[in-house]
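Below: one structure, written as C-alpha cells.
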Amino acid sequence: MKFDAIIFDLDGVICTTDNLHYQAWKKLSDRENIYFDETINQRLRGVSRMESLDIILEKADRVYTDKEKTEMANYKNDEYRELLNTLTPTDLSSEVKDTLDKLRKMNIKLAIGSSSKNTKLILEKLGLKNFFDAVADGNDITKSKPDPEVFLLAAKRIDKEPKQCLVVEDADAGILAALQGGFSSAGMGIAYSNANATYSIKTFSDLLNIISD
C-alpha cells in the first residue's frame, strides 16, 4: 500500500459548499456595491476568509480600514453560517460516504486539512462529526494555502510523515500546498489537470484505485 493516511480538503472534496460561499460573498459585495462574479469566486478557493476579502476588494472604489474589513468578514461568515444550517447528512453523496467507509476498513488514517474555520460545523451537519481521525482547520493555522501549514498539522495529529500521506484537493492552491509540504496529492475538480498533482481523479471513488495499487 502506497499510503498510510489520506488528508482531505473539505469544500469541493468531501462536500460542495462553494455555492453557499458564493451566495454569502455576493450578498456582502452587493451591500458594498462591489462587482463580484463566478470568475472572482474561483480565485477564493482554498484561501482564508481575510485573503478572500482582499481579493474581492480589488474591485472596490475606495480603501477600507482594518476595522471595516473585520466587520465585512464577520458579516460574510454570519451569512454563510446561516446557509450552512440548511445542510443535512443527505448533502453527503453516497459515493463519498461509501468510499470513506471502504478506506476506513482498509485501516487508512483519515484526516481533514481545510482552511475553513467552519469545518467542524460542516462535518457535524453532514453526520461526520467524529468520523475522521484528526481535523486541522482555519482555527488552527496562521497561514492558509498554498502554505502547507494545515496539511503538516493534520499529518502531525495522525502521527504520520508527509511522505506517508496522500492529500486530496480540488483547488490549485491546495495542490501547491501539498507539493511544498512534501506530500503526494490527488487533484479533482478544477485541480484535475494541475501539473503539480501526483494523481488526477475524476470521481471521489477513484481514490480506492490509488490506495489499492
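Taking the condition assigned to a helix (DSSP H, G or I), farther than 16 Å from A24 by Cβ and of a type in the set (D, E), does E68 pass? It would help to see each step written out before you state the result.
Details: assigned to a helix (DSSP H, G or I): yes; farther than 16 Å from A24 by Cβ: yes; of a type in the set (D, E): yes.
Judged against the criteria, E68 is a match.
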If you scan region 39-55, which residues turn out to be more than 13 Å from K76 (Cβ to Cβ) and not charged (D, E, K, R)? T39, I40, Q42, G46, V47
Any hit, region 197-206, residues being part of a loop (DSSP other than H, G, I, E, B) and open to solvent by less than 10 Å² (accessible area, probe 1.4 Å): yes
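When only residues in region 5-35 that are part of a helix (DSSP H, G or I) and among the hydroxyl-bearing types (S, T, Y) count, which is surrounded by the fewest Cβ atoms within 10 Å (Cβ to Cβ)?
Applying the filter and picking the extreme gives Y22.
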Can you tell me which residue in region 69-102 is surrounded by the most Cβ atoms within 10 Å (Cβ to Cβ), limited to those that are touching a helix residue (DSSP H, G or I) at 6+ places or on another chain (Cβ under 7 Å) and of a type in the set (A, V, I, L, M, F, W, C)? M72
Report the residue count in region 141-169 for those that are at pLDDT 95 or above, in a loop (DSSP other than H, G, I, E, B) and either within 21 Å of D206 (Cβ to Cβ) or of a type outside the set (A, V, I, L, M) (or both). 5
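Of everything in region 176-196, what is of a type in the set (G, A, S), surrounded by fewer than 21 Cβ atoms within 10 Å (Cβ to Cβ) and not in a helix (DSSP H, G or I)? Give them in sequence order.
Step one: filter region 176-196 for residues of a type in the set (G, A, S), giving 177-178, 181-182, 184-187, 189, 191, 193, 195.
Then drop every residue that is not surrounded by fewer than 21 Cβ atoms within 10 Å (Cβ to Cβ), which leaves 182, 184, 189, 193, 195.
Listed by number, the residues that qualify are G182, S184, A195.
The values are calculated or read from the model by the stated rules, or taken from the named source; none is laboratory data. These figures come from a predicted structure and were not determined experimentally. Positions of Cβ are backbone-derived with ideal geometry, glycine not excepted, and every protein chain shown enters the neighbour counts. Ligands, DNA and RNA are excluded from the accessible area calculation, which covers all protein heavy atoms including side chains. Shrake-Rupley method; radii C 1.70, N 1.55, O 1.52, S 1.80 Å.
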